[in-house]
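Peer 1: Structure provided below as structure tokens; questions to follow.
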Amino acid sequence: MQEIFDKANEVLRQVQAEAPTDKESLEQYRIKYLGTKGLIKDLFGGMGKLPGDQKKDYGQLMNTIKQAAEEKYEALKAQFEGSAEDAKPDFDLTAPGYTNEIGARHPISITKNRIIEIFSCIGFTVAEGPEIEDDWHNFTALGTPKDHPARDMQDTFYITVDKNTLLRTHTSSVQIRMMESQQPPLRILMPGRVYRNETISARAHCTFHQVEGLYIDEGVSFADLKQTMFYFVREMFGQNTEIRFRPSFFPFTEPSAEVDISCFICGSKGCAVCKQSGWVEIGGCGMVDPVVMENCNLDPKKYSGFAFGMGIERVTMLKYQINDLRLFFENDLRFLKQFQQA
Ligand code: DAH
């Protein structure tokens, strides 16, 4: 009967010695020792052949073997599963990837770029000036000294108590800087942000954008101004656009005019946008006042020129039929993503 004990001890030795290194060999181990047709089950079968007094010792030996095999199996199983868990990426490599949202260009930038493009075709260059201005460039040099009633046309944010430093109320201030620093011929486009102390509504904001144009040379006439504006509106709003000049007043131009375009939304038949008039206003313009030239040390007997100013929000609202100015400043992607740069 010693044979049966020897066989069992041999199995115990193997159970202890064998060292599965991965999940697969561990499964082989389980089948070999602990499976329903495994060696341990087989050994239990030998029990019946033993005389009664040896059964107890054999039974204990069996339990030792079974326990050793089970413990080893459980320990390695935990180890392999743990390490498999670590090695497994915590994301699904086959899942479709996240796409990064690409921002869209702001409609104000789109319009600004288009205006620049149109004017650059006829020789205009681009310049910018400071948003924090002094009284001279924003008002006085533009024919609007401190006591001038035209100052009331624009509600100014003053920065200093002496009212000498302010947030520019229009881009016309950049005209002065250009005339002071350069000699004609000047053909310059000056886009930028301006500020006015106005109550925010669908039609007004305390900050918005303008683009200023300036053309100074010998012999520049109002006809040049008209043709330039005509060229611009046709490029911007379509080749069938008509143009109209209404006499107006600005302290820095003489004569001055406001420019209207035929309402391309209703084909001049009359709609809410043009308030049934068939015309919509897009900006102001005029011949540069000789006094303004003198303020910048340019000789008005030698030179003449025209200037114009347009609201970029206004042009954008007309072009894309946007009815609330505040949309431009809210940065809501659902709004901003609707505009594609041409
Ligand atoms: N600066 C004027 C405004 O903000 C617009 C303007 C009108 C600009 C006539 C000009 C001009 O250059 O000639 O309302």
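The values are calculated or read from the model by the stated rules, or taken from the named source; none is laboratory data. What you see is a predicted model, and the numbers here were worked out from it, not measured in a lab. Note: ideal-geometry Cβ built from the backbone for every residue, glycine included; neighbour counts use all protein chains shown. Quick note on the areas: whole protein, heavy atoms, side chains included, nothing else; ligands and nucleic acids left out. Shrake-Rupley method; radii C 1.70, N 1.55, O 1.52, S 1.80 Å.
Peer 1: Consider segment 88-105. How many of its residues are at pLDDT 80 or above and open to solvent by 100 Å² or more (accessible area, probe 1.4 Å)?
Peer 2: Qualifying residue count, segment 88-105: 7.
Peer 1: Of all residues in segment 294-304, which are outside any loop (DSSP other than H, G, I, E, B) and under 18 Å from Thr171 (Cβ atoms)?
Peer 2: Hit for segment 294-304 is Asn295, nothing else.
Peer 1: Still on this structure: Read through the list (1) surrounded by 16 or more Cβ atoms within 10 Å (Cβ to Cβ); (2) in contact (Cβ under 8 Å) with a residue 60 or more places away in the chain; (3) within 14 Å of the ligand (Cβ to nearest atom), then give the number of the only condition that Glu235 fails.
Peer 2: Among (1) surrounded by 16 or more Cβ atoms within 10 Å (Cβ to Cβ); (2) in contact (Cβ under 8 Å) with a residue 60 or more places away in the chain; (3) within 14 Å of the ligand (Cβ to nearest atom), Glu235 violates only (3).
Peer 1: On the given criteria, is Thr64 open to solvent by less than 80 Å² (accessible area, probe 1.4 Å) and among the β-branched types (Val, Ile, Thr)?
Peer 2: In short, yes.
Peer 1: Pairs under 7 Å by beta carbon, first residue at negative phi in segment 141-158, partner in a loop (DSSP other than H, G, I, E, B) and open to solvent by 80 Å² or more (accessible area, probe 1.4 Å), six or more apart or different chains?
Peer 2: Asp155/Asn197; Thr156/Asn197; Phe157/Asn197
Peer 1: If you don't mind, there's one more thing I want to ask. Among residues belonging to segment 281-334 that are among the acidic types (Asp, Glu) and closer than 17 Å to Arg193 by Cα, point out the one that is modelled with the highest pLDDT.
Peer 2: Looking at the filtered set, the residue picked out is Glu313.
Peer 1: Is at least one residue of segment 147-161 at pLDDT below 90, more than 13 Å from the ligand (Cβ to nearest atom) and assigned to a loop (DSSP other than H, G, I, E, B)?
Peer 2: Within segment 147-161, one or more residues are at pLDDT below 90, more than 13 Å from the ligand (Cβ to nearest atom) and assigned to a loop (DSSP other than H, G, I, E, B).
Peer 1: Here is a further query. For segment 287-311, give me each residue that is within 16 Å of the ligand (Cβ to nearest atom) and either free of Cβ contacts under 8 Å to residues at least 40 places away in the same chain or among the aromatic types (Phe, Trp, Tyr) (or both). Steps first, please.
Peer 2: Taking segment 287-311 as the starting set, the residues that turn out to be within 16 Å of the ligand (Cβ to nearest atom) are 287-293, 295-296, 298, 300, 303-311.
Selection gives Pro290, Pro300, Tyr303, Phe306, Phe308.
Peer 1: Take Gln175 and tell me if it is part of a helix (DSSP H, G or I), at pLDDT 95 or above, within 13 Å of the ligand (Cβ to nearest atom) and out of contact with any helix residue (DSSP H, G or I) (no Cβ under 6 Å at 6 or more places or on another chain).
Peer 2: Against the criterion (part of a helix (DSSP H, G or I), at pLDDT 95 or above, within 13 Å of the ligand (Cβ to nearest atom) and out of contact with any helix residue (DSSP H, G or I) (no Cβ under 6 Å at 6 or more places or on another chain)), Gln175 qualifies.
Peer 1: Using beta carbons and a limit of 9 Å, which pairs, at least six apart or on different chains, have the first residue in segment 175-203 and not assigned by TED's automatic domain parsing to the domain that holds Ala127 and among the hydroxyl-bearing types (Ser, Thr, Tyr) and the second one open to solvent by less than 40 Å² (accessible area, probe 1.4 Å) and modelled with pLDDT of 95 or more?
Peer 2: Listed pairs, sorted by first residue: none to list.
Peer 1: When you look at Arg314, is it open to solvent by 80 Å² or more (accessible area, probe 1.4 Å), outside any loop (DSSP other than H, G, I, E, B) and within 16 Å of the ligand (Cβ to nearest atom), yes or no?
Peer 2: Values: open to solvent by 80 Å² or more (accessible area, probe 1.4 Å): yes; outside any loop (DSSP other than H, G, I, E, B): yes; within 16 Å of the ligand (Cβ to nearest atom): yes.
The answer is yes for Arg314.
Peer 1: Can you tell which of Phe222, Phe157 is more than 30 Å from Ile322 (Cβ to Cβ), touching a strand residue (DSSP E or B) at 6+ places or on another chain (Cβ under 7 Å) and surrounded by fewer than 17 Cβ atoms within 10 Å (Cβ to Cβ)?
Peer 2: Going through Phe222, Phe157 in turn, just one is more than 30 Å from Ile322 (Cβ to Cβ), touching a strand residue (DSSP E or B) at 6+ places or on another chain (Cβ under 7 Å) and surrounded by fewer than 17 Cβ atoms within 10 Å (Cβ to Cβ): Phe222.
Peer 1: With respect to Ile265, determine if the residue is away from the ligand (no atom under 16 Å from the Cβ) and in contact (Cβ under 8 Å) with a residue 40 or more places away in the chain.
Peer 2: Values: away from the ligand (no atom under 16 Å from the Cβ): yes; in contact (Cβ under 8 Å) with a residue 40 or more places away in the chain: yes.
For Ile265, the condition - away from the ligand (no atom under 16 Å from the Cβ) and in contact (Cβ under 8 Å) with a residue 40 or more places away in the chain - is met.
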